Amino acid sequence: MTSVSAVDLPDRSLPLSKVALGCGVFSGAYGQIQQSDVLATVRKALSSGVNMVDTSPYYGNSEVRLGEALKDLSDEFPRSSYYICTKLGRYGYRKADFDYSAERVRDSVNESMRRLNTSYLDI
């Protein structure tokens, strides 16, 4: 199996893989996807050397589904073996769905951590 190589950021704080797993598709926006397929996809990515997963509250239930998969894979891939990247500020399509206020940023981070079953976010 080919492994994905890592790239060091200039400050070397996060040795990120050159490829990240984009998890927007887990929401079902492009067609139905079973949780077993989410689990298999995350497992394949992590076992191939991908160490960053990218999601967003804007991607529907992507954070929930990713969080469930990461929880199920926690014996195989401990939390310290990958980085979670999520976003904040955009929660829908309308202009009113954008909110970068300090309060909403704090709430969004806490909500994302809950959905992702983690006590911290990396990016």
Does Glu63 meet the test of being surrounded by 15 or more Cβ atoms within 10 Å (Cβ to Cβ), at negative phi and either in a helix (DSSP H, G or I) or touching a helix residue (DSSP H, G or I) at 6+ places or on another chain (Cβ under 8 Å) (or both)? yes
Please state which of the following conditions Ile84 fails to meet, knowing it meets all the rest: (1) within 23 Å of Arg104 (Cβ to Cβ); (2) at pLDDT 95 or above; (3) in a helix (DSSP H, G or I). (3)
Which of (1) at pLDDT 95 or above; (2) open to solvent by 30 Å² or more (accessible area, probe 1.4 Å); (3) outside any loop (DSSP other than H, G, I, E, B) is the odd one out, the single condition Asp75 does not satisfy? (3)
Just the residues that are in a loop (DSSP other than H, G, I, E, B) and either open to solvent by 50 Å² or more (accessible area, probe 1.4 Å) or over 23 Å from Leu88 (Cα atoms) (or both), please, taken from the range 18-49. Lys18, Val19, Ala29, Tyr30, Gly31, Gln32, Ile33, Gln34, Ser48, Gly49
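I'm checking my understanding of the structure. Among residues of the range 87-102 that are small (Gly, Ala, Ser) and assigned to a loop (DSSP other than H, G, I, E, B), which one is farthest from the chain's Cα centre (by Cα)?
The residue in question is Ser101.
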Could you say which residue among Tyr93, Tyr58 is surrounded by fewer than 16 Cβ atoms within 10 Å (Cβ to Cβ), out of contact with any helix residue (DSSP H, G or I) (no Cβ under 8 Å at 6 or more places or on another chain) and at pLDDT below 95? Tyr93
Are there any pairs, at least 6 apart or on different chains, whose C-beta atoms fall under 6 Å, with the first in the range 48-69 and touching a residue at least 24 places away in the same chain (Cβ under 8 Å) and the second of a type in the set (D, E, K, R), and if so, which? Thr55/Glu63; Ser56/Lys87; Tyr58/Arg90; Glu63/Arg115; Val64/Arg115; Gly67/Arg115
Got a number for residues in the range 59-77 being over 16 Å from Gln32 (Cα atoms) and more than 12 Å from the chain's Cα centre (by Cα)? 7
Please verify whether Ser13 is at pLDDT below 95, of a type in the set (S, T, N, Q) and open to solvent by less than 60 Å² (accessible area, probe 1.4 Å), treating the condition exactly as stated. no
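The values are calculated or read from the model by the stated rules, or taken from the named source; none is laboratory data. If you're wondering where the values come from, they're calculated on a predicted model, not measured in any experiment. Here the Cβ is made from the backbone with ideal geometry for all residues, glycine too, and neighbour counts use every protein chain on show. SASA here: full protein model, heavy atoms, side chains in, ligands and nucleic acids out. Shrake-Rupley method; radii C 1.70, N 1.55, O 1.52, S 1.80 Å.
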